[in-house]
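Okay, so here's the structure we're looking at.
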Amino acid sequence: MTIPGLHLTQIGGGDFLLEPTKNLNVRDLSRLVESITARLMQARASRLYYDLSGLALIDPLYYGWLDTLARAAKTINVKMICINMQPTAAFALSKFITKMPVFETALNI
Amino acid sequence: MAIKKGPSEKLAALFGLKIGNIATALEEPGQKFFCNNNRLMDHDEVADLSNEFQILIASLLGSKEPGNNTSPEFQALEMFFTNLSRNILMRGGNVEEVVRYTQHLQLTLIDALEKTSGIPFSQSRSVLLYFTNIFNELIMSVFHVYLEERERTLEAQQAELRETATPITEIWDGVLTLPIIGTLDSNRTMLVMEALLNRIAKDHAKAVVMDLTGVKSIDSQVSHHLVQMVHAVQLMGSDAIVTGIRPEIARALVSLNIDLANITTRASMSDGLKEAFLRMGITVTNK
């Protein structure tokens with residue numbers, strides 16, 4: 001089962017790695033969230049690593065997508081951790097958020 | 001500033017003059033201002049200077065429009081003064097010396113022209129006016145160079161200050177320290193943040209200790225910037241520890257309703273470092 005715009009790979013145990021591609025359409029939010037959570041539930045995942053290394057900038061729209069995904073993951077007891085956030089993206093994101101996001105962040109896996 | 005083509009015979013005579021052999025006479029102002037105790041130039045250089053000036057002024061006076069200060073001849077003369085003042089300033093000279101030299105050169109030039117041609121130019125208002133106009137423009141160009149030079153020095157100093165004011169040091173493997181000294185404004189926060197985030201990405205730093213001991217005062221905008229900076233560090237996946245908040249700053253933060261709930265704070269830099277080590281599982285013990 002492939003989800004358009006991203007690669008979702010099981011990297012061992014209950015850990016999943018999500019790598020978005022350039023074709024990811026974050027406007028198609030609800031359908032994406034549904035497919036991803038379905039896949040995570042099926043595999044009884046416990047952690048979802050979201051790789052942000054290819055993303056130079058995070059705008060409010062993209063943040064909205066990350067936030068929704070993280071909250072959806074939480075409902076099925078999956079912790080979302082964003083990894084490899086670029087300095088420019090962190091800078092842009094810190095400009096418009098007022099409190100820390102729902103998801104966790106880490107330098108790398 | 002075009003010179004009126006009036007009926008002044010002397011001005012016409014001036015423009016028709018064949019100029020030569022006045023370079024030696026023109027050396028006097030150079031000797032006076034650049035060769036005395038300040039030793040900005042040697043005698044040969046002054047001689048070269050006078051020769052060049054003689055050629056340039058002769059070509060200006062002999063040109064089609066001697067009063068037009070956009071003509072190539074005038075621009076060449078202006079360039080000559082620009083280079084001269086640049087040289088003098090570079091050698092540690094004063095702008096005053098160049099201005100005095102220029103003024104003195106005007107008088108010397110009229111004198112020398114009078115002597116070689118036998119026409120009493122200093123009696124003619126139009127000739128004096130013409131030279132005054134020309135030399136005023138030249139003095140302006142000297143000042144332009146001076147101001148440019150000053151501006152460059154100021155910029156260099158500011159850049160130097162910016163670099164030295166926020167040293168980011170890796171004090172332990174994966175632990176960065178950032179002592180913030182002085183005032184934080186938007187511009188500086190931006191620069192510091194950029195440097196810090198890039199450094200975190202490069203060094204894979206796990207923790208950042210931001211020390212505010214050197215920050216004397218804080219306002220709402222600055223505290224906002226600070227919170228932003230902490231958020232950005234946390235978003236990168238590092239731990240941010242803020243240390244050294246002075247009592248007056250603590251009071252200000254409370255009265256500004258700044259929420260430090262998710263931000264780790266410690267009293268001093270050493271406490272901050274201990275906390276960072278603790279989180280990374282490093283133990284430092286006395287032997």
Subject >> Exclusive hit being closer than 30 Å to residue B:280 by Cα, in a helix (DSSP H, G or I), in contact with a Leu (Cβ under 9 Å, 6 or more places away or on another chain) and open to solvent by 40 Å² or more (accessible area, probe 1.4 Å), set B:199, B:162 >> reply: B:199
Original post:
Do we find that residue B:192 is surrounded by 15 or more Cβ atoms within 10 Å (Cβ to Cβ), at the interface with another protein chain (Cβ under 9 Å from one of its Cβ atoms) and in a helix (DSSP H, G or I) in this structure?
Top reply: no
Original post:
Quick check, is residue B:19 under 16 Å from residue B:110 (Cβ atoms), in a helix (DSSP H, G or I) and out of contact with any strand residue (DSSP E or B) (no Cβ under 7 Å at 6 or more places or on another chain)?
Top reply: no
Subject >> Candidate set from region B:202-219 (those that are outside any strand (DSSP E or B) and within 32 Å of the chain's Cα centre (by Cα)); member that is farthest from the other protein chains (Cβ to nearest Cβ) >> reply: B:216
Original post:
Applying the selection to region B:165-179, what residues are hydroxyl-bearing (Ser, Thr, Tyr) and open to solvent by 30 Å² or more (accessible area, probe 1.4 Å)?
Top reply: B:169
**OP:** Can you tell me which residue within region A:80-109, out of those that are of a type in the set (Phe, Trp, Tyr) and either at the interface with chain B (Cβ under 8 Å from one of its Cβ atoms) or not in a helix (DSSP H, G or I) (or both), is surrounded by the most Cβ atoms within 10 Å (Cβ to Cβ)?
**Re:** A:91
Subject >> Residue count for region B:59-89, restricted to those that are in contact (Cβ under 8 Å) with a residue 12 or more places away in the chain and open to solvent by less than 20 Å² (accessible area, probe 1.4 Å) >> reply: 11
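The values are calculated or read from the model by the stated rules, or taken from the named source; none is laboratory data. Owing to the predicted nature of the structure, the values given are computational and were not obtained by experimental measurement. With ideal geometry, Cβ positions are generated from the backbone for all residues, glycine too; neighbour counts draw on all protein chains shown. These area figures cover heavy atoms from the full protein model, side chains too; ligands, DNA and RNA do not enter into them. Shrake-Rupley method; radii C 1.70, N 1.55, O 1.52, S 1.80 Å.
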